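Values in this text are rule-based calculations from the coordinates and carry no lab data. Since this is a predicted model, take the numbers as computed values, not measurements. In this analysis, Cβ positions are derived from the backbone assuming ideal geometry, glycine residues included, and neighbour counts consider all displayed protein chains.
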Amino acid sequence: MSSVSRILVAEDHAILLLDLVDQLGEHGYAVVPATTARSAAALLDRSIDAIVTDIEMPGDLTGLDLARYAARLRPDMPIVVVSGGVRPKPEDLPPNAVFLPKPYRLDDILAAMHRPARAHAA
């Protein structure tokens, strides 16, 4: 896996989004923010190295939909799925995705993005 430098963050709560953008920026990452899963999906391109997405998002797509879409486009891309209310089953997550409950620690997000890729989903 290539190094992670540009992270797409999909979060509909402005304060949480700004906080994570700031924290990741302080660690030297370029961050692309999105407030809906649909807008995040439109931002996915080869310059995005990893995704952090909340599950519960406004609109017709959830963060799990976004995570699955990203995994189909880029199976090796690290994906971190977060939620304060929804606890997905392992089979609900795409390959290489890690779930972290809110409130999460930045160190846990960074560790999830930099872990070795799994060969196949369970």
Original post:
Of all residues in region 2-36 being of a type in the set (Gly, Ala, Ser) and under 12 Å from the mean Cα position of the chain (by Cα), which is nearest to Asp107 (Cα to Cα)?
Top reply: Ala10
Original post:
In this structure, does Arg74 turn out to be charged (D, E, K, R) and in contact with a Phe, Trp or Tyr (Cβ under 8 Å, 6 or more places away or on another chain)?
Top reply: no
Original post:
If only one of Val52, Val80 is without any contact (Cβ under 8 Å) to a residue 40 or more places away in the chain and of a type in the set (A, V, I, L, M, F, W, C), which one is it?
Top reply: Val80
**OP:** Please name all residue pairs, on different chains or six or more residues apart, with Cβ atoms under 6 Å, provided the first residue is in region 12-40 and is within 22 Å of Tyr69 (Cβ to Cβ) and the second residue is exposed (fewer than 14 other Cβ atoms within 10 Å of the Cβ).
**Re:** Asp12/Pro58; Val31/Gly25; Thr36/Pro58; Thr36/Gly59; Arg38/Gly59
